[in-house]
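As structure tokens, the structure follows; a few thoughts come after it.
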Amino acid sequence: MSRWDSHEFTAAAGTRVHAAALGPYDAPEVVCVHGLGCSYRYWLPFARALAPRTRTVAVDLPGFGRTPGPDQALDVRQLSLALADWLRATGRGPTALVANSIGCQIVVDLAVHAPELVGPVVLNGPTFDRGARSLLTQAARLLRDVPWERPSLAPPLITSYAECGARRALHTCLYALRDPVEDKLHRLRTPAVVARGTRDPIVPEAWARELTALLPQGRLVSVPGAGHAMNFSAPEALARITLDLLRGTGWGGTSGAAGTSP
């Protein structure tokens, strides 16, 4: 499997939301929520690692990937409302969710206003720790993460950042830096795993432990030698974490209703 096997385009959140899917239609479904400036593209290694045991659906939030967005960047709440609208429009929910980076903040915020849509959750590299909420600090950490990612991550990231544009990425980051995710974690009441690569400089171990302790049903899983984007650079490890969570909760999921194909 070298590519996604289908694409959905669904009228939701005031736009035409794109999502890519891979895996059997009758398998339990996992919805992936991307990080800053990213898109469905960098989820493909993870989707391949999960197939054929699950159907993986990677959604592009408004303004990212192949989903058009408004001129102004959306904040964390607006992005989570868009995610909720898409989940409802496609008949998904509650659904298992796997998020990366600021996608974790979006999923946690989703649990605040739409808990009925949230199934088991994997928070892969959740941002941002309270002691480092500045652009300079995060830029320095991002550079330190580069050696721990696969070089082949560069093409999908470059394409995705070109699609969203520097201005949208910057303003989205500023919104995320002002989002106190730790104040909302108690609202995420489904089983949740905080997944962290031991080489991830963006998510310090102390921060991962703090977040886990604040989750009503949380546990921490560390992946030796992995960096921040484990869905791309350590997809087999993240797939095992996800499958263990689904098995442990007896999660069957729902297949959801597909949007229109291109």
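For the range 119-262, divide the Cα radius of gyration by the Kirkwood radius and give the resulting Rg/Rh value with two decimals.
Result for the range 119-262 is an Rg/Rh of 0.98.
Could you tell me how far the Cα centroid of the range 67-85 sits from the Cα centroid of the range 132-197, in Å?
16
If we count other beta carbons within 10 Å of each Cβ, what is the order of ASP71, ASP200, ASP179, fewest first?
The most exposed by this proxy come first: ASP71, ASP179, ASP200.
Can you name the helices of the chain, as whole DSSP H runs, whose Cα span along the helix axis is 18 Å or more and whose Kyte-Doolittle mean is not below -0.5?
Span-like helices here: 76-89, 235-249.
What's the extension gain from LEU143 to ARG187 if we count 0.36 nm per residue and subtract their Cα-Cα distance?
Between LEU143 and ARG187, full extension yields 12.6 nm more.
Once you sort the root eigenvalues of the Cα gyration tensor of the range 38-186 as a ≥ b ≥ c, which label holds: rounded (a/c under 1.5), prolate (a/b larger than b/c) or oblate (the other case)?
Because its axes are fairly even, with a/c under 1.5, the range 38-186 counts as rounded.
Return the FRET efficiency for the residue pair ASP71, ARG247: r is the Cβ-Cβ distance, R0 is 51 Å, and the value is rounded to the nearest 0.05.
With R0 = 51 Å, the Cβ-Cβ based efficiency is 0.70.
If you rank VAL57, VAL112 by fewest surrounding Cβ atoms within 10 Å, what's the result?
With the sparsest Cβ surroundings first, the list reads VAL112, VAL57.
If the chain between LEU170 and ARG16 were fully stretched, how many nm would it gain, using 0.36 nm times the residue separation less the Cα-Cα distance?
53.1 nm
Could you give the length gained by full extension between ILE158 and GLN217, i.e. 0.36 nm per residue of separation minus their alpha carbon distance, to one decimal place?
Gain in length upon complete extension: 17.6 nm.
How much of the pair distance distribution for the chain lies past 22 Å, counting alpha-carbon pairs only, in percent?
49
No lab work stands behind these numbers, since they all come straight from the coordinates. Just so you know, these numbers come straight off a predicted model, no measurement behind them. Note: ideal-geometry Cβ built from the backbone for every residue, glycine included; neighbour counts use all protein chains shown.
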